[in-house]
1. Rounded to whole Hz and in sequence order, give me ³J(HN,Hα) for the stretch 189-206 from the Karplus expression 6.51 cos²θ - 1.76 cosθ + 1.60, θ = phi - 60°, writing x for Gly and Pro.
2. Among HIS272, HIS30, HIS262, HIS257, what is the fewest-to-most ranking by other Cβ atoms within 10 Å?
3. Quick query: amide H of ALA253 versus all other amide H atoms, modeled in the peptide plane; which residues come in under 5 Å with a sequence gap of 5 or more or a different chain?
4. Can you give me the long-range amide H partners of VAL220? Hydrogens built in the peptide plane at 1.01 Å from N, cutoff under 5 Å, separation of 5 or more residues or another chain.
5. Tally the DSSP beta bridges in the chain and give the antiparallel ones as a percent, rounded to 5.
6. Does the stretch 3-84 come out rounded, prolate or oblate, given a ≥ b ≥ c as the square roots of the eigenvalues of its C-alpha gyration tensor, rounded meaning a/c under 1.5 and, failing that, prolate meaning a/b above b/c?
7. DSSP loop (so not H, G, I, E, B), at most 15 other Cβ within 10 Å: list which GluC sites (Glu not before Pro) in the stretch 124-209 pass both filters.
8. Provide the per-residue ³J(HN,Hα) series for the stretch 258-267, in order, calculated from phi with Karplus coefficients 6.51, -1.76, 1.60 and θ = phi - 60°, each as a whole number of Hz, with x at glycine and proline positions.
Amino acid sequence: MTPRSLPLRDESRDLQLSAADFQRIARLVHSETGIAMPDAKEPLVYARLVKRLRQLSLRSFGDYIDLLSRPEAGEERAMFISSITTNTTRFFREQHHFELLGRTVLPPLFAEAKRGARIRLWSAGCSSGEEAYSIAITVLRLCPKAADLDLKVLATDIDREILETARAGRFAATSLSILPDDIRESFFGATDAEGKRQVAPQVRGLVSFKSMNLVKPWPVTGPFDVIFCRNVAIYFDVDTQERIWRGFAGALAPGGHLFIGHSERLSPPVRHQFETVGMTSFRLRAAESSGGQGKESFGGTTGQH
């Protein structure tokens, strides 16, 4: 790439982002998150980072990159990642996934859970929590006593700041207006003085949130019965997507289900491991499962959920 591939220098900017500094930022973003940053993203990168430079009274993007490179800059790198990553979601986004989840996927899992089985569902790239809470609400609508079973929803995201929002479980009442009345009244509290409604305790009780970077060693081993990872892989390069799909295939239980975004496609080497059960919805062929051994794709994992 050459400096000419970036937008023309904008003299109205009080801080300039040079082509060389943008490439340094792009390399750092890729190494930390796996997200690819083409030249066309330069205006977005500038807009999201320039405020942070001003807050830190830094004189150039080069100074900021130098700061991020220091071993002791862990907290600032977390803020950097939070600034760069995109968080767009809503409750019951891509409704057809939740219809399939409720109609086909969950009933046999409930039967297993009532016989004492351990059931785990994972919302990977959960953003501000709407997806994970939508999964939990779907569970509770079908099985009101789910809390008595060994059934949990794990919600993970790389952005620690957005995870705090997700844990709080408070959402603008206006954003919930699209939900059916019975869901709003059964699974959310009353509107508070700030115009927000909190997710009900029985929903929050099913969900646990964890900071997790999908391109680093995974701190979970599964096996998972259901994995949602939607509109996340589209930000990665092809090789990183391949590693993530392989990781999910290894982390799923035999016959487990994977839901991906409407514009995403499983890579050919992984696609044969799944059968299509709906729009961007897949079931792992039992013979292909390694029962939670997705750690092989990312150099090892620790912990259990």
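1. x, 6, 5, 8, 5, 8, x, 10, 10, 9, 4, 5, x, 5, 6, 4, x, 8
2. HIS272, HIS262, HIS30, HIS257
3. The answer is PHE224, ASP225.
4. Amide H neighbours of VAL220: THR302.
5. For the chain, the DSSP antiparallel bridge percentage is about 40.
6. oblate
7. Qualifying residues, ordered by number: GLU194.
8. Listing the rounded values in order: 10, 10, 10, x, 5, 9, 9, 9, 5, 5 Hz.
Each reported figure results from applying straightforward, stated rules to the coordinates on display, with no laboratory input. What you see is a predicted model, and the numbers here were worked out from it, not measured in a lab. Neighbour counts are summed over all protein chains in view; Cβ atoms, including those assigned to glycine, are modelled from backbone coordinates with ideal geometry.
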